[in-house]
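Before anything else, here's the structure in question.
The values are calculated or read from the model by the stated rules, or taken from the named source; none is laboratory data. If you're wondering where the values come from, they're calculated on a predicted model, not measured in any experiment. Reconstructed Cβ throughout: ideal geometry from the backbone, glycine too, with neighbour counts over all protein chains shown.
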Amino acid sequence: MTWKLKKVAPIHLIIGDENTCDQITKLLAKIPAEVKSYETANAFLHARISEAPACLITEVKLGDSDGITFVKQMREHGLSTPVIILADGDNSVNTAVKAIQAGASDFIEKPIIERDFLERVQKVLEKSD
Amino acid sequence: MNKDQQIVFIIDDDEDVRDSLVELVTSIGLNARAYESANKFLSEFDKNAPGCILADVRMPGLSGIELQYKLIELHAPQPLIIITGHGDITMAVQAMKDGAFEFLQKPFRDQDILDCIIKALEQDTTNRIKITKQDETQERIKSLTSREREVIDKVIEGKSNKIIARELGISNRTVEIHRSHAMEKLDVRSVTELVKIMLSIQS
């Protein structure tokens, strides 16, 4: 696929699982954006962030929280940064629905397919542009 | 919006499902109207009829998902609840991103769908209040003279009376008069309120 955007603001990952984090980082290397990763929601919340992220990518299951609660809290605090939630293999339709209702921009199932994933990230970034 | 006027529109090709949903909805005192196809529903559709829409996905003719696209095109204010026995995550995510109110899998518990319907009806009321407010704002904006509108547009850009006066080739005092008349017509007391009201009609 062709990447339509020039330079984008950083993409922040909040992903506890090391393998998933590595995989996503590798895929995002194809995007002209800086990638920063955090293992937990708490680590992200306490980090010093100099440039507003273009989007956040997180998981349903986080060590100290869960992706859906995290999005909900962000929206309650008036933060509109787009969030993509990655599903676990055993997540249901119901979880997907809750994620979008909570304010997630997208909910992506595993296994992650490179082309599909990058296209969806691009769509989210275009919308927030 | 009066609860008595709201209607739960039920669209499912399965007669048994239709009947049991109608029974369930009317059992708590709500009005229901059932259709065997999305096409039939659309032929009678009135976006001014307050309520919410419950639609199955798999139906002969238009599917529930195709119905959703039609409703988006029509700017229907009624929230849409999609019910399906064959849903997958991809379909659910797409429907929700496209603005469905809820995506429920069959079989569902009676209480779950009732809770969902009640919330959807509240949402319909909220949507209609918002639309009425936007319409009122549009009317107020239309009542501005072209000069008042010009001045207001510049105020929103953050320009001072002095700069506006220079740009329009009129006196400061005249700018002030136009500005205060416009604010009065729009029923706003501050520039913040003014910006908010002008932005509200754009979205």
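In this structure, does B:ARG140 turn out to be part of a helix (DSSP H, G or I) and in contact with a Lys or Arg (Cβ under 8 Å, 6 or more places away or on another chain)?
Against the criterion (part of a helix (DSSP H, G or I) and in contact with a Lys or Arg (Cβ under 8 Å, 6 or more places away or on another chain)), B:ARG140 qualifies.
Looking at the structure I just gave you, is A:ARG120 surrounded by fewer than 20 Cβ atoms within 10 Å (Cβ to Cβ) and within 21 Å of B:MET91 (Cβ to Cβ)?
yes
Do we find that B:SER63 is at pLDDT 95 or above and either more than 29 Å from A:PHE107 (Cβ to Cβ) or touching a Lys or Arg at 6+ places or on another chain (Cβ under 6 Å) (or both) in this structure?
no
When region B:97-139 is examined, which residues are found to be touching a helix residue (DSSP H, G or I) at 6+ places or on another chain (Cβ under 8 Å), over 21 Å from B:TYR69 (Cα atoms) and at pLDDT 95 or above?
Hits for region B:97-139 are B:ASP110, B:ILE113, B:LEU114.
Can you find a residue in region B:69-83 that is farther than 30 Å from B:ASP135 by Cβ and at pLDDT 95 or above?
Yes, some residue in region B:69-83 is farther than 30 Å from B:ASP135 by Cβ and at pLDDT 95 or above.
What single numbered condition from (1) more than 14 Å from chain B (Cβ to nearest Cβ); (2) surrounded by fewer than 18 Cβ atoms within 10 Å (Cβ to Cβ); (3) in a helix (DSSP H, G or I) fails to hold for A:GLY78?
It fails just one condition, (3).
Taking A:ASN42, is it out of contact with any helix residue (DSSP H, G or I) (no Cβ under 7 Å at 6 or more places or on another chain), within 16 Å of A:HIS12 (Cβ to Cβ) and either in a loop (DSSP other than H, G, I, E, B) or at pLDDT below 95 (or both)?
Yes, satisfied.
Further question: Within region A:34-60, which residues are touching a residue at least 40 places away in the same chain (Cβ under 8 Å) and surrounded by 16 or more Cβ atoms within 10 Å (Cβ to Cβ)?
Of everything in region A:34-60, those that are touching a residue at least 40 places away in the same chain (Cβ under 8 Å) and surrounded by 16 or more Cβ atoms within 10 Å (Cβ to Cβ) turn out to be A:PRO53, A:ALA54, A:CYS55, A:LEU56, A:ILE57, A:THR58, A:GLU59.
Just wondering, is there one or more residues in region A:58-69 that are more than 30 Å from B:LYS106 (Cα to Cα) and more than 11 Å from every other protein chain (Cβ to nearest Cβ)?
yes
Tell me which helices (runs of 4 or more DSSP H) are completely within region B:16-104 and hold 2 or more residues being within 15 Å of the chain's Cα centre (by Cα) and more than 20 Å from B:THR126 (Cβ to Cβ), or say none if there are none.
B:64-73
Still on this structure, I have one more. Identify all residues within region A:106-120 that are more than 8 Å from every other protein chain (Cβ to nearest Cβ) and either assigned to a loop (DSSP other than H, G, I, E, B) or in contact (Cβ under 8 Å) with a residue 40 or more places away in the chain (or both); write none if there are none.
Result: A:LYS110, A:PRO111, A:ILE112, A:ILE113, A:GLU114, A:ARG115, A:PHE117, A:LEU118, A:GLU119.
For the condition within 26 Å of A:LYS7 (Cα to Cα), assigned to a strand (DSSP E or B) and either among the β-branched types (Val, Ile, Thr) or modelled with pLDDT under 90 (or both), what is the one hit in A:ILE84, A:ILE31?
A:ILE84
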